[in-house]
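Worksheet: the structure to be examined is printed underneath.
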Amino acid sequence: MTNPFADFSTLELTAQGYRHTFVDQGQGAPVLLIHGSLCDWRYWRWQIPAFATQYRVLAPSLRSYWPGGPSPGHFSTAQHAQDLQALLDQHIPDEKVHIVGHSRGGHVALLLAQRMPEQVASLTLADPGFPTPGAYSYAPLFQQVAERLEQGDRDGAMALFVDTVNGSGTWKQMTRWFREMIQDNAHTMLDQQQEPNQGPDLEWLKQMNAPLSFITGENSPTRYHHCMDIIRQHRREDQMHRIPLAAHGMNLANPKAFNQAVLDALQA
């Protein structure tokens, strides 16, 4: 089978005591793409070349995700935000950055922007996902996924997670490369299960000067809309984009529409 990632080249850089792998492609203002659960830089397969025609695209694999090794005791959204800040400080110091985060990556994006507000050129959140105690709890899902992993049922564990966050039947429809990516990152579910069940502090958003944009799929689960509503209590978005014919994995289901939405957000 042809390798769908043969045209992508990666760099490595040590930050926060961990060897990070990332794609750096294109020229212009930097755009940082932050993936969500069970993914890595490959998740942005259809975005990297499209954005690189106008921007410098940085797409890292977060700590513990493929192709990196485990980092016991250092897996959290806060750690990932610290890692990304250190990576940016070393690789493109003092530059303003457009930050794009999807799902759990949206949580990381919020924490990163909070750490470096003066360097944020724009903040774009695609179905941001974070714990919302009292409304939606991920704890039961993570427990079920962990049990299946411990029983050796990796396919069943991944199908359960993907179908829960994106919609029933999604796993069966996924392409081979996507399934391989998910399988490569299955081990991170056991780490993610241990993360604190609390959302980010959002009070700081009231002082953020950079544009804020939301993107969602027209069929995305309501839990992500709830997260956006929580963010709106502190800061209204400058743009809201709904991607037709797509759910949570909108950048893969309808990349043309998603890419245009991001490009519009970057120019807000």
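Here are the numbers:
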{"read-out": "Matching option when the condition is surrounded by 20 or more Cβ atoms within 10 Å (Cβ to Cβ), in contact with a strand residue (DSSP E or B) (Cβ under 8 Å, 6 or more places away or on another chain), under 16 Å from S103 (Cβ atoms) and small (G, A, S), among G199, G249", "value": "G249"}
{"read-out": "From the options Q47, Q119, residue that is of a type in the set (S, T, N, Q) and farther than 29 Å from V162 by Cβ", "value": "Q119"}
{"read-out": "Scan of segment 40-57 for residues that are in contact with a helix residue (DSSP H, G or I) (Cβ under 6 Å, 6 or more places away or on another chain) and either within 21 Å of Q183 (Cβ to Cβ) or in a strand (DSSP E or B) (or both), ordered by number", "value": "R42, W46, V57"}
{"read-out": "Residues of segment 118-153 satisfying the condition of being out of contact with any helix residue (DSSP H, G or I) (no Cβ under 7 Å at 6 or more places or on another chain) and surrounded by 15 or more Cβ atoms within 10 Å (Cβ to Cβ)", "value": "Q119, A121, P131, Y138"}
{"read-out": "Residues of segment 81-101 that turn out to be surrounded by 24 or more Cβ atoms within 10 Å (Cβ to Cβ) and free of Cβ contacts under 8 Å to residues at least 24 places away in the same chain, as a count", "value": "0"}
{"read-out": "Members of segment 3-39 found to be of a type in the set (A, V, I, L, M, F, W, C), surrounded by fewer than 19 Cβ atoms within 10 Å (Cβ to Cβ) and in a loop (DSSP other than H, G, I, E, B), listed by number", "value": "F5, A6, F8, A29"}
{"read-out": "Filtered residue count, segment 202-224, keeping only those that are at pLDDT 95 or above, surrounded by 13 or more Cβ atoms within 10 Å (Cβ to Cβ), part of a helix (DSSP H, G or I) and of a type outside the set (F, W, Y)", "value": "1"}
{"read-out": "Only listed residue being surrounded by fewer than 24 Cβ atoms within 10 Å (Cβ to Cβ), charged (D, E, K, R) and in contact (Cβ under 8 Å) with a residue 60 or more places away in the chain, chosen from R104, R115, R45", "value": "R45"}
{"read-out": "Search result, residues across segment 92-124 that are charged (D, E, K, R) and more than 11 Å from the chain's Cα centre (by Cα)", "value": "D94, E95, K96, R115, E118"}
{"read-out": "Check on L123, assigned to a helix (DSSP H, G or I), in contact (Cβ under 8 Å) with a residue 24 or more places away in the chain and not β-branched (V, I, T)", "value": "no"}
{"read-out": "Within segment 48-64, considering residues that are in contact (Cβ under 8 Å) with a residue 40 or more places away in the chain and of a type in the set (A, V, I, L, M, F, W, C), the one surrounded by the fewest Cβ atoms within 10 Å (Cβ to Cβ)", "value": "A50"}
{"read-out": "Of all residues making up segment 154-186, the number that are in contact (Cβ under 8 Å) with a residue 60 or more places away in the chain and crowded, with 16+ Cβ neighbours inside 10 Å", "value": "13"}
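The values are calculated or read from the model by the stated rules, or taken from the named source; none is laboratory data. Not measured: the values here are computed from a predicted model. All Cβ positions, glycine included, derive from the backbone under ideal geometry; neighbour counts span all protein chains shown.
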